[in-house]
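Here's the structure, in structure tokens; my notes come after.
Taken together, the values in this text are just the output of simple stated rules run on the coordinates, not laboratory data. Keep in mind that this is a model prediction, so the values were computed, not measured. Ideal geometry is used to build each Cβ from the backbone, glycine not excepted, and the neighbour counts take in all protein chains shown.
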Amino acid sequence: MEKVVIIGTGCAGLTAALYTARANLKPLVLTGTLPGGLLTTTSIVENYPGFPEGIDGSELMNRMQKQAERFGARVKFGTVEAADLSRQPFVLSVDGEKVETETLIIASGASHRHLGLESEHKLECKGVTFCATCDGALPMFRNMPLVVVGGGDSACEEAMYLTRFGSVVYLVHRRDTLRASKIMAQRTLAHEKVKPVWDSVVTEVLDVKQDQVTGVRLKNLRTQKESVLACAGVFVAIGHIPNTQLFKGIIDMDENGYIIPSKRTMTNIPGVFVAGDCSDHVYRQAVTAAGLGCAAAIDVERYLAARNE
Ligand code: NAP
């Protein structure tokens, strides 16, 4: 029987692992399908305190994991397929194996939001991607026009990264101002290779018949006019959806699936705690996720201490 199981190895999960390990709770930490979380798909992280020159996202996550393991956290590659939280101990099904635990920290993060187009789905990995740092350097994108969809920090980051490879990077945004932080927005729009396409949405990725990306069909939301923009790649960066489907109907969440804690980091189920992007749609920063992971770990420690008094 585990004292605490942590779902997720992003900033929230690994910080919770570090703190619960140092509290001698020997946490079992399950990676899910993306060990290290979303930061591993980013290039340089410039806003995590303590790294004045910035740090590579994967490198930061490797270091967090090592730090947690140094104090006894056990990080295991595994995905939770089912969770029985109706009685204690909680029972998780992890890749076919049963795991019993007194407490649970859900730090399952969030995944890339999709446009929801059939053509986007059909051309995924054939020119449509959700991660420039993972795929941007592929030969198919070299010296070719590329499209980034979105107006947030992620879209700006993707666009800047792609300027290394593409001949031109069109930034297609549904409004005429970026949501991104001022510094990112200014840097991106000032780049000679970045061409913003304002007030526009992608209505179709071309060309499913050719089984590769040749362009996008756009609709201008102000004029309603349609046009086609030739490109070899479409990088979708329109935000995230929380990875909480497993707990739907069991744990309180808002209409978008973000878990709503009921008392500090504890959910409506006593003994089940939450941390990071799966419960935070406001701040969504690496450092806030880490802070919430720390808070959840402290709450777990106090909850277990009170139970065993
Ligand atoms: P975001 O801030 O939520 O931005 C999503 C963007 O996609 C918005 O511009 C939004 O348009 C657009 N969008 C959403 N749904 C769309 C749809 N169906 N069709 C077309 N466009 C759509 O997400 P994010 O950029 O991934 O950033 C998430 C968080 O991570 C933010 O807090 C951000 O600051 C942080 N972040 C930081 C860094 C960094 O500092 N290095 C890098 C990446 C992310 P509207 O603007 O019209 O809503």
> When you scan region 211-309 for strands (runs of 3 or more DSSP E) that lie fully inside it, which ones turn up with 3 or more residues that are within 16 Å of the ligand (Cβ to nearest atom) and in contact (Cβ under 8 Å) with a residue 24 or more places away in the chain?
Replying inline: 233-236, 240-242
>> For region 174-209, give me the residue count where each residue is touching a residue at least 60 places away in the same chain (Cβ under 8 Å) and not aliphatic (A, V, I, L, M).
In response: 2
>> Out of everything in region 39-69 that is among the charged types (D, E, K, R) and either within 14 Å of T15 (Cβ to Cβ) or surrounded by 16 or more Cβ atoms within 10 Å (Cβ to Cβ) (or both), what residue ends up being farthest from the ligand (Cβ to nearest atom)?
In response: E69
>> List the residue pairs whose Cβ atoms are under 9 Å apart, where the first residue sits in region 128-157 and is small (G, A, S), the second is assigned to a helix (DSSP H, G or I) and near the ligand (Cβ under 8 Å from one of its atoms), and the two are 6 or more positions apart or on different chains.
In response: A132/E157; G150/C156; G152/M184
>> Can you report the number of residues in region 1-46 which are of a type in the set (D, E, K, R) and in a helix (DSSP H, G or I)?
In response: 1
>> On the basis of being under 30 Å from T42 (Cβ atoms) and not charged (D, E, K, R), does L104 make the cut?
In response: yes
> Which is of a type in the set (A, V, I, L, M) and either surrounded by fewer than 16 Cβ atoms within 10 Å (Cβ to Cβ) or under 20 Å from the mean Cα position of the chain (by Cα) (or both), of V99, V75?
Replying inline: V75
> When region 119-176 is examined, which residues are found to be touching a Gly at 6+ places or on another chain (Cβ under 8 Å), away from the ligand (no atom under 14 Å from the Cβ) and on the phi > 0 side of the Ramachandran plot?
Replying inline: G127, N143
> If you scan region 67-106, which residues turn out to be in a loop (DSSP other than H, G, I, E, B) and touching a Ser or Thr at 6+ places or on another chain (Cβ under 7 Å)?
Replying inline: F77, G78, T79, P89, D95
> If a residue has to be among the small types (G, A, S) and surrounded by 20 or more Cβ atoms within 10 Å (Cβ to Cβ) to count, how many in region 249-270 make the cut?
Replying inline: 0
>> Which numbered condition in (1) surrounded by fewer than 17 Cβ atoms within 10 Å (Cβ to Cβ); (2) in a helix (DSSP H, G or I) is the only one that K195 fails?
In response: (2)
